[in-house]
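Peer 1: Just passing along the structure, written as structure tokens.
The values are calculated or read from the model by the stated rules, or taken from the named source; none is laboratory data. As the structure is a computational prediction, the values presented were derived from the model and not from experiment. In this analysis, Cβ positions are derived from the backbone assuming ideal geometry, glycine residues included, and neighbour counts consider all displayed protein chains. The accessibility values were calculated without ligands, DNA or RNA, using every heavy atom of the protein model including side chains. Shrake-Rupley method; radii C 1.70, N 1.55, O 1.52, S 1.80 Å.
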Amino acid sequence: MKLSLVVPCYNEAENVAAFEEAVMTAFSGCGYDYEVIYVNDGSRDATLHNLKKLHAAQRCPTKVVSFSRNFGKEAAIYAGMQQAAGEYITLIDADLQQRPEIVRDMVKILDEEPAYDVVAAYQDRRGEGKILSFFKKSFYAIINKLSKVQLQPDASDFRTFRRSVRDSILELTEYHRFSKGIFAWVGYDTKFIPYTACQRHAGTTKWNFWKLVNYAIEGIIGYSTAPLRLATILGGLTAVASLLYLIVVVLQKLIWGIAVPGYASIIVLILLLGGIQLVCIGIIGEYVGRTFEQAKNRPVYIPKEILTYEEK
Ligand code: UDP
Ligand code: MG
């Protein structure tokens, strides 16, 4: 088997058949074997039903993994990669925003340039608002400054890599999976190629602004301990400032005999210190929470059903 396409599907009932059609068209006459692995990530619509139809037809070798509930795209990718039999593995969305034709180019690059282990697509033109792209830029600037691994701005999960890369990724069994970070962490030589995301074939995106914010926090907490250092520095600065102020107050009282006026300054200080303390506890809590989740050592996903095909 030359190539495994891993396709996470969450509420993509109207897309999966069209996706298969597009794959069949793109790969007709490619001259090598490929399989498609669909992962149904606890969809609430007819996705599983439609995937079973594709599996029964087996127009191309097709596997289906179905989760017991929604575990998220990262878990779906993980499950799909575990099933992959191919020499190359491709991660591609089910909504046809990422064209299968580009996968053929990726395969060609891996064939022709043995120095590269990964070919990743990044979006060259984004049809999104100024505010969102500002936040995204800031996110990459911050995380690349704080973290030891370097993320390529705008790189998507849309990528093709060799089996050795897959094996390395599967060795990372962490519960909080932040795939951008995982790809960067495992390293390997990556070639980035531009692509333009198409419109969704049907259905709606699962992202909104707050999900993106949470995703960004997930990335920063998961790939750097700098926020903890920030808490320490903040605490240190506050302590030094209080010490200086204490000296001032004592001198005022002893030397100049000024009765230090109270109410306003006390309220402000209590609120300020309380705020700083809560923020610092929150930061520590984020890490403790993740340690807790990881300590439970739960599986990344639970498969309810796995449909494979007979190897010829
Ligand atoms: N997806 C998934 N589980 C989720 C959310 C999304 O498997 O919890 C899949 C989804 O079906 C699609 C891909 O991940 O194939 C990308 O999702 P989406 O199109 O919503 O993201 P966008 O393209 O807008 O970044
Ligand atoms: Mg999409």
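Peer 1: Could you grab me the full set of residues in region 1-51 that are among the β-branched types (Val, Ile, Thr), away from ligand 1 (no atom under 16 Å from the Cβ) and not in a helix (DSSP H, G or I)? It would help to see each step written out before you state the result.
Peer 2: First, pick out the residues of region 1-51 that are among the β-branched types (Val, Ile, Thr): 6-7, 16, 23, 25, 36-37, 39, 47.
Checking which are away from ligand 1 (no atom under 16 Å from the Cβ) leaves us with 25.
None - no residue of region 1-51 is among the β-branched types (Val, Ile, Thr), away from ligand 1 (no atom under 16 Å from the Cβ) and not in a helix (DSSP H, G or I), so the list stays empty.
Peer 1: Could you check, for region 212-228, whether at least one of its residues is open to solvent by 100 Å² or more (accessible area, probe 1.4 Å) and out of contact with any Gly (no Cβ under 8 Å at 6 or more places or on another chain)? Write out each step before concluding.
Peer 2: Of all residues in region 212-228, those open to solvent by 100 Å² or more (accessible area, probe 1.4 Å) come to none.
Within region 212-228, not a single residue is open to solvent by 100 Å² or more (accessible area, probe 1.4 Å) and out of contact with any Gly (no Cβ under 8 Å at 6 or more places or on another chain).
Peer 1: Still on this structure: Check MET81 against each of (1) in contact (Cβ under 8 Å) with a residue 40 or more places away in the chain; (2) more than 22 Å from CYS198 (Cβ to Cβ); (3) open to solvent by 10 Å² or more (accessible area, probe 1.4 Å); (4) of a type in the set (A, V, I, L, M) and name the one condition it does not meet.
Peer 2: Here MET81 meets the rest and fails (3).
Peer 1: Among the residues that make up region 287-302, is at least one of them open to solvent by less than 80 Å² (accessible area, probe 1.4 Å), more than 30 Å from LEU170 (Cβ to Cβ) and over 19 Å from the mean Cα position of the chain (by Cα)?
Peer 2: no
Peer 1: Cβ contacts < 6 Å: first residue free of Cβ contacts under 8 Å to residues at least 12 places away in the same chain, restricted to region 132-161; second residue outside any helix (DSSP H, G or I) and not aliphatic (A, V, I, L, M), any location; separation 6+ or different chain. Result?
Peer 2: Cβ pairs passing all conditions: ASN144/GLN150.
Peer 1: Kindly indicate the residue of region 94-117 that is more than 16 Å from ligand 2 (Cβ to nearest atom) and either among the polar types (S, T, N, Q) or not in a helix (DSSP H, G or I) (or both) and also surrounded by the most Cβ atoms within 10 Å (Cβ to Cβ) among those meeting that condition. If you could, list the steps in order and put the result at the bottom.
Peer 2: Here is the first cut: in region 94-117, the residues more than 16 Å from ligand 2 (Cβ to nearest atom) are 101, 104-117.
If we keep only those that are either among the polar types (S, T, N, Q) or not in a helix (DSSP H, G or I) (or both) as well, we get 113-117.
Working: GLU113: 12, PRO114: 9, ALA115: 6, TYR116: 18, ASP117: 20.
The qualifying residue surrounded by the most Cβ atoms within 10 Å (Cβ to Cβ) is ASP117.
Peer 1: Given the condition among the β-branched types (Val, Ile, Thr), assigned to a helix (DSSP H, G or I) and surrounded by 19 or more Cβ atoms within 10 Å (Cβ to Cβ), answer yes or no: does some residue in region 183-198 qualify? So that I can check it myself, show each step before the final result.
Peer 2: At the first step, the residues of region 183-198 found to be among the β-branched types (Val, Ile, Thr) are 186, 190, 193, 196.
With the extra rule that they be assigned to a helix (DSSP H, G or I), the set shrinks to 186.
Retained after the next criterion (residues that are surrounded by 19 or more Cβ atoms within 10 Å (Cβ to Cβ)): 186.
Scanning region 183-198, I find at least one residue that is among the β-branched types (Val, Ile, Thr), assigned to a helix (DSSP H, G or I) and surrounded by 19 or more Cβ atoms within 10 Å (Cβ to Cβ), so the answer is yes.
Peer 1: Ok, one more. Among the candidates THR238, THR308, single out the residue that is open to solvent by 70 Å² or more (accessible area, probe 1.4 Å) and of a type in the set (S, T, N, Q). Spell out the reasoning first.
Peer 2: On the way: THR238 fails: open to solvent by 70 Å² or more (accessible area, probe 1.4 Å).
Only one candidate qualifies: THR308.
Peer 1: Might you check whether a residue that is among the polar types (S, T, N, Q), buried (at least 24 other Cβ atoms within 10 Å of the Cβ) and over 20 Å from the mean Cα position of the chain (by Cα) occurs anywhere in region 25-41?
Peer 2: First, the residues of region 25-41 that are among the polar types (S, T, N, Q): 25, 28, 40.
Checking which are buried (at least 24 other Cβ atoms within 10 Å of the Cβ) leaves us with 40.
Subsequent filtering for residues that are over 20 Å from the mean Cα position of the chain (by Cα) retains none.
No, region 25-41 contains no residue that is among the polar types (S, T, N, Q), buried (at least 24 other Cβ atoms within 10 Å of the Cβ) and over 20 Å from the mean Cα position of the chain (by Cα).
Peer 1: Further question: Go through region 1-21 and count every residue that is surrounded by 23 or more Cβ atoms within 10 Å (Cβ to Cβ) and of a type in the set (A, V, I, L, M).
Peer 2: Number of matching residues: 5.
Peer 1: Mind checking which residues of region 241-284 are open to solvent by 80 Å² or more (accessible area, probe 1.4 Å), within 30 Å of ASN144 (Cβ to Cβ) and free of Cβ contacts under 8 Å to residues at least 12 places away in the same chain?
Peer 2: Once the filter is applied, which keeps residues that are open to solvent by 80 Å² or more (accessible area, probe 1.4 Å), within 30 Å of ASN144 (Cβ to Cβ) and free of Cβ contacts under 8 Å to residues at least 12 places away in the same chain, region 241-284 yields GLN277, LEU278, ILE281.
Peer 1: Here's another thing I want to ask about it. Just to check your reading of the model, which residue among TYR195, TYR175, TYR215 is modelled with pLDDT under 90, in contact with a strand residue (DSSP E or B) (Cβ under 7 Å, 6 or more places away or on another chain) and either more than 16 Å from ligand 2 (Cβ to nearest atom) or under 21 Å from PHE139 (Cβ atoms) (or both)? Full working, then the answer.
Peer 2: Working: TYR175 fails: in contact with a strand residue (DSSP E or B) (Cβ under 7 Å, 6 or more places away or on another chain); TYR215 fails: in contact with a strand residue (DSSP E or B) (Cβ under 7 Å, 6 or more places away or on another chain).
Answer to the selection: TYR195.
Peer 1: Residue under question is ALA231, and the condition is that it be over 23 Å from ILE89 (Cβ atoms), in contact (Cβ under 8 Å) with a residue 60 or more places away in the chain, open to solvent by less than 30 Å² (accessible area, probe 1.4 Å) and not aromatic (Phe, Trp, Tyr); does it hold?
Peer 2: Details: over 23 Å from ILE89 (Cβ atoms): yes; in contact (Cβ under 8 Å) with a residue 60 or more places away in the chain: no; open to solvent by less than 30 Å² (accessible area, probe 1.4 Å): yes; not aromatic (Phe, Trp, Tyr): yes.
Judged against the criteria, ALA231 is not a match.
Peer 1: Which condition does LEU54 not pass, out of (1) under 20 Å from ALA197 (Cα atoms); (2) open to solvent by 10 Å² or more (accessible area, probe 1.4 Å); (3) touching a Ser or Thr at 6+ places or on another chain (Cβ under 6 Å), if it passes all the others?
Peer 2: (1)
Peer 1: Right, another one. So if I check each of ALA76, ALA155, which one is more than 25 Å from GLU21 (Cα to Cα) and within 16 Å of ligand 1 (Cβ to nearest atom)?
Peer 2: Values: ALA76 fails: more than 25 Å from GLU21 (Cα to Cα).
The match here is ALA155.
Peer 1: Right, something else. Could you check how many residues of region 144-182 are outside any helix (DSSP H, G or I), open to solvent by 30 Å² or more (accessible area, probe 1.4 Å) and more than 14 Å from ALA75 (Cα to Cα)?
Peer 2: 6
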